[in-house]
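Before any comments, here is the structure.
The values are calculated or read from the model by the stated rules, or taken from the named source; none is laboratory data. Every value quoted in this text rests on a predicted model; they were computed, and no experiment measured them. Note that we place each Cβ from the backbone using ideal geometry, even for glycine, and neighbour counts take in every protein chain shown. Note: areas computed on protein heavy atoms with side chains; ligands, DNA, RNA excluded. Shrake-Rupley method; radii C 1.70, N 1.55, O 1.52, S 1.80 Å.
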Amino acid sequence: MSDIGDWFRSIPAITRYWFAATVAVPLIGKLGIISPAYFFLWPEAFLYRFQIWRPFTATFYFPVGPGTGFLYLVNLYFLYQYSARLETGAFDGRPADYLFMLLFNWICIVITGLAMDMQLLLIPLIMSVLYVWAQLNRDVIVSFWFGTRFKACYLPWVILGFNYIIGGSYRWLPNRRGGVSGFGVPPASMRRAADENGGGRHNWGQGVRLGDQ
C-alpha cells in the first residue's frame, strides 16, 4: 500500500485531484451510495430544477460496468499520462495557468453539452487536454498499441477512433432520444426515479377541492 501511496503522491497536484475524483465519483454511483441518475448532465434538471451540481458530477462520472470498464480504464490512463505531462511540461511552475486552461475547456464543454444533450463530460475533457498536449508537441513521435508510431499531432484522432472501436459507439456523445448510446443505462426510467425521489422538486400532493368534504 505504501508503494501505491507514494505513486499517488508523486502525481502533480491538479492531475492528482482530477484523477481521484474520476475514481471516487463512479465508485459512489457503482456502490449505490448516490443514484447515478443525479450524476448525468440533464439540461432540464440543470436549467429548470436548479440542480447546479450536475455539470460537476458529469465531468467526473462514468457508468462503469462489464461493457464499459475497459473504456473507462483506458481513458483514466490517458488522463493520468497527458494531464501529468502538460502540468509538468508546458505548465511547469504555473499551476494557476493550467487550472485556468482546464476551467476554460470545461466551460466550453458544459455549454456544448447543454446545447447538444451531451450527458457525460469525462471523455470530452480528457480529449481536450490530450489535444492541447498534441498541439504543443506536434512533431514528437509517439508510440501506440502494437508498436505503431506516428507524430503527436495525429494522436487525438487515433484515440478518438480507438474509443469508437473499443466502445462500439460514441458512448459519450448524446442520443437525441434521451440517453447515452450503448451504456445500457435507461435514462428515461432513471429520470422518472429521480423525480419520484425528489429530483429537486417538492411533491405537494393531490390536494382536495373545496366542497368535496
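Describe numerically, in nm with one decimal, the distance between label points set 7 Å from Cα along Cα→Cβ at ALA13 and at PHE70.
3.9
Stick to Cα atoms and the Kirkwood definition of Rh, then tell me Rg/Rh for the stretch 1-49. Intermediate values should be presented prior to the final figure.
Numbers: Rg = 15.1 Å, Rh = 13.0 Å.
On the Cα set of the stretch 1-49, Rg over Rh gives 1.17.
Kindly rank 21-27, 142-148 from highest to lowest mean number of other beta carbons found within 10 Å of each residue.
Highest mean packing first, the order is 21-27, 142-148.
Set the Förster radius R0 to 25 Å, insert the Cβ-Cβ distance between ARG138 and TYR77 as r into 1/(1 + (r/R0)^6), and round the FRET efficiency to 0.05. Write down the numbers at each step before the final one.
Values: r = 22 Å, r/R0 = 0.88.
For R0 = 25 Å, the calculated efficiency reads 0.70.
At a Förster distance of 30 Å, what's the computed FRET efficiency of LEU27 paired with ASP3, Cβ-Cβ distance as r, to 0.05?
Details: r = 21 Å, r/R0 = 0.70.
The pair LEU27/ASP3 has a calculated efficiency of 0.90.
Sorted from largest down, give the three principal axis spans of the alpha carbons of the stretch 23-85, whole angstrom values.
Largest first, the stretch 23-85 extends 38, 27, 18 Å along its Cα principal axes.
Enter the accessible area per residue of the stretch 1-125 (Å², integer; probe 1.4 Å; all protein chains in place).
50
Order ARG149, ARG16 by their accessible area, 1.4 angstrom probe, all chains in place, largest first. Kindly include the intermediate steps, with their values, before the conclusion.
Numbers: ARG149 160, ARG16 45 Å².
These residues rank, largest area first, as ARG149, ARG16.
Output the peptides 120-126, 69-75 sorted from most to least packed, where packing is the average of other Cβ atoms within 10 Å over each peptide's residues. Don't jump to the answer; show the numbers that get you there.
Values: 120-126: 22.9, 69-75: 16.4.
Result, highest mean Cβ count within 10 Å first: 120-126, 69-75.
Could you work out the pair-distance distribution P(r) of the stretch 1-127 from its alpha-carbon pairs, with 10 angstrom bin width and percents rounded to whole numbers?
Pair shares across the bins are 12, 40, 36, 11, 1.
If I take all pairs of Cα atoms in the stretch 79-170, what percentage of them are more than 19 Å from each other?
Values: 1913 of 4186 pairs.
For the stretch 79-170, the share of Cα pairs beyond 19 Å comes to 46 percent.
Hey, any idea what % of the stretch 1-54's accessible area is carbon plus sulfur with a 1.4 Å probe? Intermediate results must be reported in sequence, preceding the final value.
Values: 2270 of 3140 Å².
With neighbouring chains kept in place, the figure for the stretch 1-54 is 72 percent.
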